[in-house]
Amino acid sequence: MATNPSLQILGLQALPRLVEKFDTESNDFLTFSDLYGKTVEEFTKACDNCVKILHRLFEEHQISWRDVFSNSDIGRERNALARDIGLEKDDTILEIGCGRGYFSIAAATVSSNVIGLDMMNGLDRHSWWSNFKETVRELRLEPRIVGLKAEAQSIPLREGSVDKAVAAHSIRNFQSKQAIQNTISEMNRVLTDDGEMILAETLPSPRNNAQEAHLAFYRCKCKYGWGDLPYFSQEELSELFEEIGIAETTIQVVDYNLSAAPPIFWLNTSRLKDNQVEEAQRQYYEALEMIRKYGEASPPTAIIRAKKHSK
């Protein structure tokens, strides 16, 4: 049970609330923020402890993986996004860059037809499709969610086939601004005539110390890790659309103040040049101390949306 890393992360995040709710004896590493700066071995130990406690909760209190998802920060934030985006029951939803499927899960609690699209290649994501499918199965959402392994810049769907195309916390994993704009054009192409495309992305605008800590750690990850672009400002998000001829957009800013997109990573100095190591370590440990002192929460999220654009 719980060999799936996607479910383990949800379990680690949800455990404090579930333990408190059911007054169950806890173990170490119940706070997700405690995992920052830990080794892979320590992370694995925390997952093992989490599995043991969840097993007790499953047996003694009949909780389900849906309970785990809805009590995790990630689940709570994705459910809130699905609500604030305004998904409807009869919508066909396309999620761009679905990753482990967290937004697809939230979307499927509202809409009956969800397509999760991703390449799942590189960055140690080679087993993510099996994780995605197992998570969907454990949450009993197979009739509502289908995975599609494809390139977002060339979506293998016909024109006018989806009601809403959503990229939730995914564009920062793209290779370039141009790749994002190519994807937006493809999202527009597959929309129905009255369809809508939506980007939901974290802003570099923290409002409290925990969000400051998140941003400090994420900046370090972008600079000394790999595979992440810096967060876009509201103006930059609007420009992504305007520069390809989609000028009519609206932006809503929401602040859930949850650990919705944890930037956890382990600094690997072997990847760095000799003259980078000292500065990288300084920034990493300064950000780590901030998280240990204040905790970690995602800064506000911008929800930018645009209607189907006909050129």
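Couple of notes before you dig in:
- Number of the exception - F241 against (1) in a loop (DSSP other than H, G, I, E, B); (2) over 16 Å from P299 (Cα atoms); (3) not β-branched (V, I, T): (1)
- Residues in segment 269-284 that are without any contact (Cβ under 8 Å) to a residue 40 or more places away in the chain and either out of contact with any helix residue (DSSP H, G or I) (no Cβ under 6 Å at 6 or more places or on another chain) or farther than 21 Å from F43 by Cα (or both): 9 in all.
- Residue ranges of strands (runs of 3 or more DSSP E) in segment 54-156 with at least 2 members in contact (Cβ under 8 Å) with a residue 24 or more places away in the chain and surrounded by fewer than 18 Cβ atoms within 10 Å (Cβ to Cβ): 145-149
- Residue in segment 271-291 that is touching a strand residue (DSSP E or B) at 6+ places or on another chain (Cβ under 7 Å), closer than 20 Å to Q13 by Cα and either modelled with pLDDT of 95 or more or charged (D, E, K, R) (or both) present: no
- Filtering segment 285-311 to residues that are touching a helix residue (DSSP H, G or I) at 6+ places or on another chain (Cβ under 7 Å), surrounded by 19 or more Cβ atoms within 10 Å (Cβ to Cβ) and among the hydroxyl-bearing types (S, T, Y) leaves only S298.
- Exactly one residue out of V162, V146 is of a type in the set (A, V, I, L, M), farther than 19 Å from N4 by Cβ and over 17 Å from the mean Cα position of the chain (by Cα), and it is V162.
- Pairs are defined by a Cβ separation below 7 Å, a sequence spacing of at least 6 or placement on different chains, a first member in segment 253-264 that is within 17 Å of I85 (Cα to Cα), and a second member that is surrounded by fewer than 16 Cβ atoms within 10 Å (Cβ to Cβ); the pairs so defined are V254/D84; D255/R207.
- Screening segment 201-230 for residues that are surrounded by fewer than 19 Cβ atoms within 10 Å (Cβ to Cβ) and of a type in the set (A, V, I, L, M, F, W, C) and picking the one that is nearest to the chain's Cα centre (by Cα) gives L229.
- Residues being out of contact with any Phe, Trp or Tyr (no Cβ under 8 Å at 6 or more places or on another chain) and either part of a loop (DSSP other than H, G, I, E, B) or on the phi > 0 side of the Ramachandran plot (or both) - total across segment 266-292: 3
- Among residues that are under 28 Å from E296 (Cβ atoms), in a helix (DSSP H, G or I), outside the structural domain of S33 (by TED's automatic domain parsing) and within 17 Å of the chain's Cα centre (by Cα), I198 is not included.
The values are calculated or read from the model by the stated rules, or taken from the named source; none is laboratory data. Note that the coordinates shown come from a computational prediction; the quantities given were computed from them, not determined experimentally. Positions of Cβ are generated from backbone atoms using ideal geometry, with glycine treated the same way; all protein chains shown enter the neighbour counts.
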